[in-house]
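The values are calculated or read from the model by the stated rules, or taken from the named source; none is laboratory data. Source: prediction; values computed, not measured. All Cβ positions, even for glycine, are placed from backbone atoms using ideal geometry, and neighbour counts span all protein chains on display.
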């Protein structure tokens, strides 16, 4: 499968899973949402409130997304809009 189709398939699958996760979490009661969960990390098992685990996961995704933009630039690629227009897309928005 060509790389562009692989990337599109991965993007679609990721988006589908995000929507499923949001639908599932939105059905949680307040007690279910705030329960303590176990997270297996390289240093062992950590127990923490579920909202804290969600927040940590989100921050990890933000971090890796930032890394990807660096790798794209180093490879000569253009960085797409992520949280708004990127420097590479600025001319299309009338910026210099």
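For residue 83, the conditions (1) assigned to a loop (DSSP other than H, G, I, E, B); (2) at pLDDT 90 or above all hold with the exception of (2).
Matching residues to (1) touching a strand residue (DSSP E or B) at 6+ places or on another chain (Cβ under 8 Å); (2) farther than 18 Å from residue 53 by Cβ:
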residue	(1), (2)
19	no, yes
23	no, yes
30	no, no
33	no, no
37	yes, no
